[in-house]
1. Accessible area per residue for segment 193-287 in Å², computed with a 1.4 Å probe and the full protein assembly in place, what is it?
2. Ranked from the most accessible area to the least, with a 1.4 Å probe and all protein chains present, what is the order of MET306, MET105?
3. Can you tell me the alpha carbon radius of gyration of segment 195-295 divided by the globular rule-of-thumb value 2.2 N^0.38 Å?
4. Give me the one-decimal nm value for the distance between modelled label points at ALA224 and ASP326, 7 Å along each residue's Cα-to-Cβ direction.
5. Would you mind computing, in nm to one decimal, how far apart the modelled labels at ASP302 and ALA103 are, each placed 7 Å from Cα along Cα→Cβ?
6. Computed over the Cα atoms of segment 130-172, what is the convex hull's projected area averaged over all directions, in nm²?
7. Please compute the modelled spin-label separation between ALA213 and GLN199, points set 7 Å along Cα→Cβ, answer in nm with one decimal.
8. How are the alpha carbon pair distances in segment 233-346 distributed across 5 Å bins from zero to the largest one, expressed in percent?
Amino acid sequence: MKPKVITHTPASPQAQAAATPGPEAAGGAGLRATVIAPGGVPATVQGASRPAPTTVAPQPGVAPIASPSASSGAQKAPPSVVPGTIRRGVEVSLPELVQRFPAAMPEALQQAQRLLQATIVDTLSATQAARWGEEAQQRYGALVDASLQITQATTLQTSLRHVARLHALLQGIADEWLAPAKSPLLFWKTSAGPAALLQASQGELAQLRQHLAEALPALRSLQAELQGIGSELAPLAVRLEAQSLAAHYLADLLDSGADPRAHALLQRASALAQTVLHIHGGLQLRQGSQHSLDGLIHRIQDTVLMALPAWTEKVALATQARQLNDTERYALAQQLQGLLGLLHLS
């Protein structure tokens, strides 16, 4: 079979390529080829499409989310302020309180001012008004109970009886020793020797001295407790007076006819004022009790444990080898009278 001879001139390669539809013409949106250099990052051919940035449209009522890069350098917004009612205490000046309560102590007025400034009338309940100053009153009651326990302590009462018995024994010896003689020329009986009179009571005297010496530490503890009670009662009286003044002032601010807190505060003010009067009224009695305990300790320490043994030793040494003359007897008798005066319980 003979070969077919082509008689027309073939088209050029450029024209053939232009006539052949490419991927863009065929598909409408094809991607171009990417040239990758050796060891480099892929380079997109010029004209290649890039992804568009994504944006989120804000919605009503939703706060937009800030990107980390934008919020890192920005300052934080201050917290919002919640609207409300500002509650304050009672604003009162010290001159106003002085004018309202002219007879009050300055310390009580100052404490009353601080107490009023810390009290919010709107939040003060009826129960709080009815118990105004109750804690300070209870503290006064506890101090009174402690004082009664001290004055009625077994150690104190026993020591008082021992000192009284010791005084009675020495008083009997002194009466017998200083009894007038039958003869008008003798002022003291020569037959009444101090050693003989002391000998009969020496055992009981020694026991009394031992009991009192053993009770001395406990008596000193009671003395310290009683001093602590006395030192606490003075500022407590000022505190109670300040609470009474503050209760009066608060009651004046309230409507006494419609507000039950006003009546409760007036009752508490009166009760607190009565407590202050009790404290001041018992001041002299408490001081007397303190002085009595101080005097008992002083008698035991200085007279029973020191002066009495020294006098007994003088009598024993003076009558050891001979009879006492009238001058010596008088001198020892005067010393005994001095001991009796120190031991006397007023």
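1. 50 Å²
2. Ranked list, largest accessible area first: MET306, MET105.
3. On the way: Rg = 24.7 Å, N = 101, 2.2 N^0.38 = 12.7 Å.
Here the answer is 1.95, to two decimals.
4. Spacing of the two 7 Å Cα→Cβ label points: 5.4 nm.
5. Inter-label distance under the simple model: 4.2 nm.
6. Values: hull surface 15.0 nm².
Spelled out: convex hull of the Cα atoms, projected over all directions, averaged, 3.8 nm².
7. 2.4 nm
8. 2, 10, 12, 10, 8, 7, 6, 6, 5, 5, 5, 5, 5, 4, 3, 2, 2, 1, 0, 0
The values are calculated or read from the model by the stated rules, or taken from the named source; none is laboratory data. Note that the structure is a prediction, hence the values are computed from the model and not measured. Quick reminder, even Gly has a Cβ in these numbers, built from the backbone with ideal geometry, and neighbours come from all protein chains shown. These accessible areas exclude ligands, DNA and RNA; they are computed on the full protein's heavy atoms, side chains included. Shrake-Rupley method; radii C 1.70, N 1.55, O 1.52, S 1.80 Å.
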